[in-house]
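One structure is given below, encoded as structure tokens.
The values are calculated or read from the model by the stated rules, or taken from the named source; none is laboratory data. What you are looking at is a predicted structure, and each value in this text was computed from that prediction instead of being measured. For neighbour counting, all protein chains shown are included, and Cβ atoms are generated from backbone atoms with ideal geometry for every residue, glycine included.
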Amino acid sequence: MTDTIAENTVASVHYTGTLPDSGEVFDSSEGRDPLTFLVGHKQMIPGFEEEMMGAKVGERRTFTLEPERAYGQRMEDAVQNIEREQFGDITPEVGMMLMSDIGPFTVTAVDEKLVEVDFNHQLAGESLEFSVEVVEIRAATEEELAHGHAHGPGGHHH
Ligand code: ZN
């Protein structure tokens, strides 16, 4: 049965994510290919899959996820001060997003010696509202199940 979203299916969806407090759209597939993901393999934040289980092609669902089912709560010890000279050739500026050995971070403050950086996901601590429309559902291939992600349009290419 592959006419509803279930574990080990590959789902393609159009979605818009908004912050319920401000109405700001933080992400959307509008004007792009639908998002394609392998269900049940941690490709998506947990609540997104939970809310879409059992949905059929053409069905639209709207739901709000508390931080626990989205990107988690903010952790204050994920905010750290780093010596400016550690940045080498990069001139750190507030709002800049950079990659490090232990993951991505955002620059939140800069002074002459120190740079304050935040390793929290930018959506940590936020409730997220999603409006999702199912475009296509198919069974996953053996290869996709082995890799733990969807292939083809909207998925991984390699
Ligand atoms: Zn793969």
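Here are the numbers for the structure shown:
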{"quantity": "Residues located in the stretch 67-84, provided they are assigned to a helix (DSSP H, G or I) and under 23 Å from the mean Cα position of the chain (by Cα)", "calculated": "67, 68, 69, 76, 77, 78"}
{"quantity": "Qualifying residue in the stretch 128-141 (condition: outside any strand (DSSP E or B), under 28 Å from residue 47 (Cα atoms) and assigned by TED's automatic domain parsing to the domain that holds residue 42)", "calculated": "yes"}
{"quantity": "Failed condition for residue 53, given (1) buried (at least 16 other Cβ atoms within 10 Å of the Cβ); (2) in contact with a strand residue (DSSP E or B) (Cβ under 9 Å, 6 or more places away or on another chain)", "calculated": "(1)"}
{"quantity": "Index of the failed condition, residue 39 passing every other in (1) of a type in the set (Val, Ile, Thr); (2) at pLDDT 95 or above; (3) touching a Phe, Trp or Tyr at 6+ places or on another chain (Cβ under 8 Å)", "calculated": "(3)"}
{"quantity": "Any hit, the stretch 112-129, residues being of a type in the set (Lys, Arg) and farther than 23 Å from residue 23 by Cα", "calculated": "yes"}
{"quantity": "Residues satisfying the stated conditions in the stretch 3-28, i.e. surrounded by fewer than 14 Cβ atoms within 10 Å (Cβ to Cβ), in contact (Cβ under 8 Å) with a residue 24 or more places away in the chain and out of contact with any helix residue (DSSP H, G or I) (no Cβ under 7 Å at 6 or more places or on another chain)", "calculated": "3, 7, 20, 21"}
{"quantity": "Count of residues meeting criterion [free of Cβ contacts under 8 Å to residues at least 60 places away in the same chain and closer than 21 Å to residue 151 by Cα] in the stretch 46-90", "calculated": "3"}
{"quantity": "Residue that is within 16 Å of the ligand (Cβ to nearest atom), within 30 Å of residue 37 (Cβ to Cβ) and among the charged types (D, E, K, R), where the choices are 68, 143, 136, 129", "calculated": "143"}
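Conditions tested, residue by residue: (1) more than 15 Å from the chain's Cα centre (by Cα); (2) at pLDDT below 95; (3) not polar (S, T, N, Q).
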residue: 45; (1), (2), (3): no, yes, yes
residue: 65; (1), (2), (3): no, no, yes
residue: 86; (1), (2), (3): yes, yes, no
residue: 101; (1), (2), (3): yes, yes, yes
residue: 104; (1), (2), (3): no, yes, yes
residue: 126; (1), (2), (3): no, no, yes
